Structure formats: C-alpha cells, structure tokens
Amino acid sequence: MKKNIIIIATGGTIAGSGEAGKAADYQAGRIDVNEIVQSVPAISELANLTTIQMCNVDSNDMDEEKWCRLRDLINLYGADPSVDGIVVTHGTDTLEETAFFLNLTIAHQKPVVITGSMRPATATSADGPMNLYQAIALATSEEAKGAGVLALFSDTIYSGRDIQKINSYKTDAFEIGDFGCLGYMRDDHVYFLSKTDKPHTAHSIFSQHEIHSLPKVAIAYYHCGADSHLLSTLSDNCEGLVIAGSGSGNYSSAWKEQIHFLSESKIIVRSSRVLQGIVFDSSAFDPYQDTIPSYTLSPQKARILLMLALSISKDKKQIRTFFETY
C-alpha cells in the first residue's frame, strides 16, 4: 500500500516563474503547489499526496510567525495516524534556518523532509521536480523515521541541524561542511550513511513547549574597523545578541570591552562568520566568559537556538547547557 504524504508549500524558487527557459531574473513564490506536483507525473506513484499551500513567498520573507505556523501544521499532521510523512517546499536562501528551527521544535518523529530548487519551475532543466520527487521518496522511507528534520537537495540527504547554503548560483548549492552528508538518493532509493546524535524533534526540550512568538535576538557582524557602538544599538531592542566574529569567534579590543559591559544585562553568544570549524570558550577574546560559544552553529542558527532558549529560561548557565547539547 502506498503511504500518505503531506506536502506543505511555502513558496521559494521551486514555485518561481520567469521567462520561459531562463534560470535568472524570476519571481519566487508564484506557482501553486498543485501545479508543481502535476508537472511530475511519477510522483503520484510514490505515495498518496495531500497538498497544502501555507504561503507562497520568497524565503527571505519567512519569519518567526511563519515558522510557528509551519511548526504547528507539521505537528498537527504528524499527530494524525493516517499520515506517514511530511514534505516542505521552501526557498533556498533561508532554508537552513527553517530546517534548524523545525528540527528543534517538532514534537513527533515521523519523517519531515524540506526541499526546494535553485532554478525556477519555468527554467530549462529545472531542478525542483527531481528534488521534490526524491523528497517524497525519502519521506516514505522507514529509515527516515526518527532521523530528525532532513533536507533533500541534488540527490543528497542532509541534516536539518547542519545544512548550509554555500553557493548562490549552482544547483548543488548545499553542504554540511566537516560533518559530511547523511546519505544519498538514487532516483527514489534511499541510502543512509549516518545519522545525527544531537537531540532533535520529540527529544528536544523545545518541542514540548507551545511557541507563539520568539524573543528578539540580533546578529552583529564583525569586520575590520567595526564600530563597537553597533553592539549597543542592536542590543537596545533585543533580549539577546549573537556575535558573528572573525576566525574562531574573534573581534577587536573595543568590541571585547563593549561585550563585557553588555553581558551584565544581555545574553551574548560568540559564533564565527567562517563557514567551517568550531567556536569554543576563549581566554584571549572572552577572559571573563561574558559570552556563550556557539560551537558548530553558524550565526544564523545560533540566533535561532538563543531565541528558543530565551523563551524558556533567562539563566545564562542553563542557556550555555542548551548550546552544549543542541
């Protein structure tokens, strides 16, 4: 018997439309999800499909409110015993942020797969149809159960925690850096090589809480000559701050002094603008442990975890534990 898969569409390039055949200069979020599904007849052979058009936007218009709506929809259908898995279509620019948020907040362990495309639906050799086909195949796989939120792109299975967009142009636009992918797809066949051991979905403390809004957290990007007053300006309207530092989360002496001052009233996380590596405590740049290291999380993902952490606790030690755990 074919499994029952829900497709929740949010827009993005996979639903984009432009001049016929061209891959550039298009408008994202223009095509209805049903039209996309109908363009790939073989998809109906994989599963019984139900489509939901939650929104149809460029992924740069995704925000915390839409994240919460998406999470609630996924939890709603995940609680339905007749549903076997869920696929989310999404724009690529912020796909990694949505995937990480869902990975921390979904309250069930049914397969959830997020996918998209780098070329619009109207382009020659659009990559969206194959990505969607394989995402549905992955969502029907028994191996995908309990694996956390997965992302599917260009025949490759990624962890929602670690995926990052590393190319703004090529169809093979994602990777996981030092950790490697979780596996591969060969048409509709699933080949897992590994799975993440970080807590996720139903095992995440954040999945046990109702989330209607999130505390404000800003990201301060460090560069040579960056004005330290920027930190005060950003922190005035936020409950927390993430530093996108150079190297392993580094910054100038002026920034160090300002961070020390702000840490008395704000939770501050040190991360790095470098794509790969890890950020630990630093006796050189943070001798008083004014900040919490982001470890392997990028600035944008550290922001998501800090927002969720602040929605539960304002205690710095507790929040540090969250960063060590997730």
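The values are calculated or read from the model by the stated rules, or taken from the named source; none is laboratory data. This structure is a prediction, so every number in the text was calculated from the model and none was measured. Cβ: placed from backbone, ideal geometry, glycine included. Neighbour counts: every protein chain shown. Protein only, heavy atoms only, side chains kept; ligands, DNA and RNA dropped before computing areas. Shrake-Rupley method; radii C 1.70, N 1.55, O 1.52, S 1.80 Å.
Here are a few things to note about the model shown:
- ASN48 meets the conditions (1) under 29 Å from ILE312 (Cα atoms); (2) open to solvent by 40 Å² or more (accessible area, probe 1.4 Å); (3) outside any loop (DSSP other than H, G, I, E, B) in every case but one. The failed one is (1).
- Some residue of the stretch 201-211 being among the acidic types (Asp, Glu) and not in a helix (DSSP H, G or I): yes
- Within the stretch 64-83, residues that are modelled with pLDDT of 95 or more have Cβ atoms under 7 Å from residues that are open to solvent by 70 Å² or more (accessible area, probe 1.4 Å) and not in a loop (DSSP other than H, G, I, E, B) in no pair, counting only partners at least 6 apart in sequence or on another chain.
- Yes/no for ASP72 being under 21 Å from ILE163 (Cβ atoms) and open to solvent by 50 Å² or more (accessible area, probe 1.4 Å): no
- Qualifying position, being modelled with pLDDT under 95, among the aliphatic types (A, V, I, L, M) and more than 29 Å from ALA123 (Cα to Cα), among LEU193, LEU214: LEU193
- Reported count of residues in the stretch 168-197, each being in a loop (DSSP other than H, G, I, E, B) and either farther than 23 Å from THR92 by Cβ or free of Cβ contacts under 8 Å to residues at least 24 places away in the same chain (or both), is 8.
- The stretch 151-170 - residue that is among the hydrophobic types (A, V, I, L, M, F, W, C) and touching a Phe, Trp or Tyr at 6+ places or on another chain (Cβ under 7 Å) and, of those, nearest to GLY183 (Cα to Cα): ILE157
- Qualifying residue in the stretch 111-128 (condition: out of contact with any Lys or Arg (no Cβ under 7 Å at 6 or more places or on another chain), of a type in the set (A, V, I, L, M, F, W, C) and part of a helix (DSSP H, G or I)): no
- Residue within the stretch 199-211 that is more than 18 Å from GLU142 (Cβ to Cβ), within 18 Å of the chain's Cα centre (by Cα) and among the β-branched types (Val, Ile, Thr) present: yes
Quick grid of which residues meet (1) open to solvent by less than 50 Å² (accessible area, probe 1.4 Å); (2) on the phi > 0 side of the Ramachandran plot; (3) at pLDDT 95 or above; (4) not in a loop (DSSP other than H, G, I, E, B):
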residue: ALA244; (1), (2), (3), (4): yes, no, yes, yes
residue: GLU257; (1), (2), (3), (4): no, no, yes, yes
residue: PHE261; (1), (2), (3), (4): no, no, yes, yes
residue: GLU264; (1), (2), (3), (4): no, no, yes, no
residue: ASP290; (1), (2), (3), (4): yes, no, yes, no
residue: LYS301; (1), (2), (3), (4): yes, no, yes, yes
residue: ALA309; (1), (2), (3), (4): yes, no, yes, yes
residue: LYS317; (1), (2), (3), (4): no, no, yes, yes
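- Meets criteria (exposed (fewer than 14 other Cβ atoms within 10 Å of the Cβ), under 22 Å from GLY148 (Cα atoms) and touching a strand residue (DSSP E or B) at 6+ places or on another chain (Cβ under 8 Å)) for SER59: no
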